Amino acid sequence: MKTLAQLKRNTEQWSKIPHTKIDKKTGKKVVYNDDIVGRAMETNAAVIKVSSSRQRGVDTMVFVVRCRAHTESVYYDVVIELLPGEVHKDVFKMPSEQSPCWVKCSCPFFLFKCEYALARVGSSEIDYSNGKKPIITNPKQFPILCKHLYRATDAVLKAAIQQAKNDSRKYNFEK
Ligand SMILES: [Zn+2]
């Protein structure tokens, strides 16, 4: 499972490197840029639900976020789940970019380029896609975030720190 910081770093790298694809009309290879970070700046993200889960054997924080770029006509559903790091018995690290995370988004970009690669490293699971390798759209299976997820990370971290403070009566978070 990757940390939020690792996935963000991968996405930033992906945004800078040129990619190739086959043009459907001409059949020729074309080089293009996939500036996820730039497009994330035009995207809104609002945390609409905070909950906890024990599905992974530890208490995790689950955030549901509604996201939409101003060029998009529909909202997409983002889920970011943060796993607490245990410092020592019953003392947990405050949520941060170093928290291991599990993510998903309902947008087509996530389905075609992200889901398989993220599932392979334990940070998502096959749900929206057909579970086949993205040989053309992400040949090296680079675990990256879509613009919605990338944009949602700030709002989620803010909500996570607030939640940890609220939970501090129940759990111990290091100062
Ligand atoms: Zn998305």
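Listed values, structure above:
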| item | result |
| --- | --- |
| Only Lys, Arg (+1) and Asp, Glu (-1) charged, at Cβ; segment 99-161 dipole about Cα centre in debye | 200 |
| Selected from 61, 94, 41 as most flexible by GNM, with the chain as the system and alpha-carbon contacts under 10 Å | 41 |
| Cα-centre dipole for the chain with unit charges at Cβ (Lys and Arg positive, Asp and Glu negative), debye to 20 | 420 |
| Most mobile of 99, 53, 73 in a GNM of the chain (Cα contacts under 10 Å) | 73 |
| Residue pairs, from the table 104/165; 49/165; 24/104; 93/140; 113/158; 93/147, whose Cα atoms sit over 22 Å apart | 104/165; 24/104; 93/140; 113/158; 93/147 |
| Qualifying trypsin sites (Lys or Arg not before Pro) in segment 1-73, DSSP loop, other Cβ atoms within 10 Å at most 10 | 24, 25, 28, 54 |
| Neighbourhood net charge (9 Å Cβ-Cβ; Lys/Arg +1, Asp/Glu -1) for residue 127 | -1 |
| Spherically averaged projected area in nm², based on the convex hull that wraps the Cα atoms of segment 4-166 | 10.3 |
| Net charge dipole size for segment 128-175 [Lys, Arg +1 and Asp, Glu -1 on Cβ; Debye, nearest 20] | 80 |
| Most mobile of 11, 20, 153 in a GNM of the chain (Cα contacts under 10 Å) | 20 |
| Built amide H within the under 5 Å cut-off of residue 173, gap 5+ | 92 |
| Per-residue [θ]222 nm for the chain (sum of -39500 (n - 2.57) over DSSP H runs n ≥ 4, rounded to 500) | -8000 deg cm²/dmol |
| Given the chain, longest segment not containing exposed loop GluC sites (Glu not before Pro) (DSSP; at most 13 other Cβ within 10 Å) | 43-124 |
| C-alpha long axis of helix 147-167 to longest principal axis of the chain, angle in ° | 0 |
| Centroid-to-centroid separation of segment 1-75 and segment 85-162 [C-alpha atoms, Å] | 8 |
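No lab work stands behind these numbers, since they all come straight from the coordinates. Remember, it's a predicted structure, so these values are computed and weren't measured experimentally. Using ideal geometry, Cβ is built from the backbone for each residue, glycine included, and neighbour counts are taken over all protein chains shown.
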